[in-house]
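**Student:** Take a look at the following structure, please.
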Amino acid sequence: GDSVTQMEGPVTLSEEAFLTINCTYTATGYPSLFWYVQYPGEGLQLLLKATKADDKGSNKGFEATYRKETTSFHLEKGSVQVSDSAVYFCALSDPAGGGNKLTFGTGTQLKVEL
Amino acid sequence: EPEVTQTPSHQVTQMGQEVILRCVPISNHLYFYWYRQILGQKVEFLVSFYNNEISEKSEIFDDQFSVERPDGSNFTLKIRSTKLEDSAMYFCASKPGATTGELFFGEGSRLTVL
């Protein structure tokens, strides 16, 4: 079945540091890929998405590129801020499974310090 | 901006009691979901609902669980007889149509079973 694997957290960085959160996936079909973010006390919000190979999703300085050859969708940001502290979830939607639901990774907690 | 709202934000109950978690999806959305996240574990799919019936459910969604859209506005998750292992954060989500993979999530309802 479909699955998403994320790097273990928590990740603690200093402000302005470079961020990478690794995400790899297994899917039956040709999935769409997502990064969701959960800020403290809030629900899951879509951060960015990519629907086909080599697509790059970007938002708020975050980027992720859909790499079919390595089945990966790593999240990056060049310079993190304290306000980026949150839990980040990688997810996929697989049309071979109906495309009706999202399969999530475990989430990676990011803490950014001054 | 339209949002998915969930109540209660936190519920504590005794084992064996019935619990109803409530959600108000975004008004023009057609697909509705419940997910849960046990502390430290993955966000897991429970059930999807479309056209007033369950369209897909996971192995977790056994006979103790039910969903209902009683009035065209609310979308509820009922757990008939709670167990300790039902303690989790429950997320409601919705999406407007079949073509988009993106789900819009509520802030979650934390259920604690004692």
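**Student:** When Lys and Arg each count +1 and Asp and Glu each count -1, what net charge do the other residues less than 15 Å away from A:LYS111, Cβ to Cβ, add up to?
**Tutor:** Residues near A:LYS111 contribute -4 overall.
**Student:** Leaving ligands, DNA and RNA out of it, work out the accessible area of B:LEU114 with a 1.4 Å probe and give it in Å² to the nearest 10.
**Tutor:** Accessible area of B:LEU114: about 100 Å².
**Student:** Among the trypsin sites (Lys or Arg not before Pro) within the range B:42-105, which fall in a DSSP loop and have no more than 12 other Cβ atoms within 10 Å of their own Cβ?
**Tutor:** B:LYS83
**Student:** Kindly provide the GluC sites (Glu not before Pro) of the range A:2-95 that DSSP labels as loop, not H, G, I, E or B, and whose Cβ sees at most 13 other Cβ atoms within 10 Å.
**Tutor:** A:GLU8, A:GLU15, A:GLU16, A:GLU42, A:GLU69
**Student:** So what is the relative contact order of the range B:1-60, in percent, for Cα pairs below 8 Å that sit 6 or more residues apart? Each step should come with its number before you reach the end.
**Tutor:** Working: 67 pairs, mean separation 13.5, N = 60.
Relative contact order comes out at 23 percent.
**Student:** Let me ask something else. Assuming R0 = 30 Å, what is the FRET efficiency of B:ASN28 and A:LYS60, from their Cβ-Cβ distance, to the nearest 0.05?
**Tutor:** Values: r = 26 Å, r/R0 = 0.87.
Computed FRET efficiency for B:ASN28 and A:LYS60 comes out at 0.70.
**Student:** Anything over 19 Å Cα to Cα? Flag those among A:LYS101/B:LYS95; A:LYS52/A:LYS111; A:LYS68/A:LYS111; A:LYS56/B:LYS42; A:LYS56/A:LYS101, in the order listed. If you can, show how the numbers build up before the last one.
**Tutor:** Numbers: A:LYS101/B:LYS95 10 Å; A:LYS52/A:LYS111 30 Å; A:LYS68/A:LYS111 29 Å; A:LYS56/B:LYS42 25 Å; A:LYS56/A:LYS101 22 Å.
Going by Cα-Cα distance, A:LYS52/A:LYS111; A:LYS68/A:LYS111; A:LYS56/B:LYS42; A:LYS56/A:LYS101 fall outside the 19 Å limit.
**Student:** Also, quick follow-up: Among B:SER66, B:HIS10, B:VAL47, whose Cα projects farthest towards the positive end of the dipole of chain B, with charges put on the beta-carbon of Lys, Arg (+1) and Asp, Glu (-1)?
**Tutor:** Of B:SER66, B:HIS10, B:VAL47, it is B:HIS10.
**Student:** Then there is this: From other protein chains only, count the Cβ atoms within 10 Å of every residue's Cβ in A:101-108, then give the mean.
**Tutor:** 6
**Student:** Additional query: With contacts defined as alpha carbon pairs under 8 Å and 6 or more residues apart, what's the relative contact order of chain A in percent?
**Tutor:** Working: 306 pairs, mean separation 41.8, N = 114.
That works out to 37 percent.
**Student:** Let me ask something additional. Let me know the mean shielding of B:46-53 by other chains, meaning the per-residue number of their Cβ atoms within 10 Å of its Cβ.
**Tutor:** Working: counts 1, 1, 3, 0, 1, 0, 0, 0.
The per-residue average across the peptide is 1.
**Student:** What are the ³J(HN,Hα) values, in whole Hz, obtained from phi via the Karplus relation 6.51 cos²θ - 1.76 cosθ + 1.60 with θ = phi - 60°, for each residue of the range B:79-96 in sequence order, with x given for Gly and Pro?
**Tutor:** Ordered by residue, 3J(HN,Hα) equals 10, 5, 9, 5, 10, 4, 6, 7, 4, 5, 9, 10, 10, 9, 9, 8, 8, x Hz.
**Student:** Here's another thing I want to ask about it. May I ask you to derive the FRET efficiency for A:THR5 and B:VAL12 from their Cβ-Cβ distance with R0 = 45 Å, giving the value to the nearest 0.05?
**Tutor:** The formula returns an efficiency of 0.85 here.
**Student:** Can you pull the accessible area of A:TYR25 for me, 1.4 Å probe, Å² to the nearest 10?
**Tutor:** Surface accessible to solvent at A:TYR25 totals approximately 20 Å².
**Student:** List the GluC sites (Glu not before Pro) within the range B:40-80 that fall in a DSSP loop (any state other than H, G, I, E or B) and whose Cβ has at most 13 other Cβ atoms within 10 Å.
**Tutor:** Of the GluC sites (Glu not before Pro), the ones in loops of the range B:40-80 whose Cβ has at most 13 other Cβ atoms within 10 Å are B:GLU59.
**Student:** Taking only Cα atoms and a 10 Å spring cutoff, compute GNM fluctuations for chain A and point out the largest among A:PHE34, A:PHE18, A:PHE89.
**Tutor:** Per the Cα network of chain A with a 10 Å cutoff, A:PHE18 tops the list.
**Student:** Now, a different point. Any idea what the relative contact order of the range B:1-102 is, in percent, if you count C-alpha pairs under 8 Å spaced at least 6 apart?
**Tutor:** Result for the range B:1-102 is 36 percent.
**Student:** Hey, if we sort A:ASP54, A:ASP2, B:ASP86 by accessible area with the 1.4 Å probe, largest down, what's the order?
**Tutor:** Values: A:ASP54 105, A:ASP2 50, B:ASP86 5 Å².
The residues order as A:ASP54, A:ASP2, B:ASP86, largest area first.
**Student:** Please get the size of the charge dipole for chain A, origin at its Cα centre, with Cβ charges of +1 on Lys and Arg and -1 on Asp and Glu, quoted in debye to the nearest 20.
**Tutor:** Charge dipole of chain A: 300 debye, to the nearest 20.
**Student:** Would you kindly derive the ³J(HN,Hα) couplings of the range A:84-90 from the backbone phi angles with the Karplus curve 6.51 cos²θ - 1.76 cosθ + 1.60 (θ = phi - 60°), listing them in order in whole Hz, with x for Gly and Pro?
**Tutor:** 7, 4, 5, 9, 10, 10, 8
The values are calculated or read from the model by the stated rules, or taken from the named source; none is laboratory data. This structure is a prediction, so every number in the text was calculated from the model and none was measured. Please note: Cβ atoms are built from the backbone with ideal geometry, for glycine as well, and neighbour counts cover all protein chains shown. The area values use the complete protein model at the heavy-atom level, side chains included, leaving out ligands, DNA and RNA. Shrake-Rupley method; radii C 1.70, N 1.55, O 1.52, S 1.80 Å.
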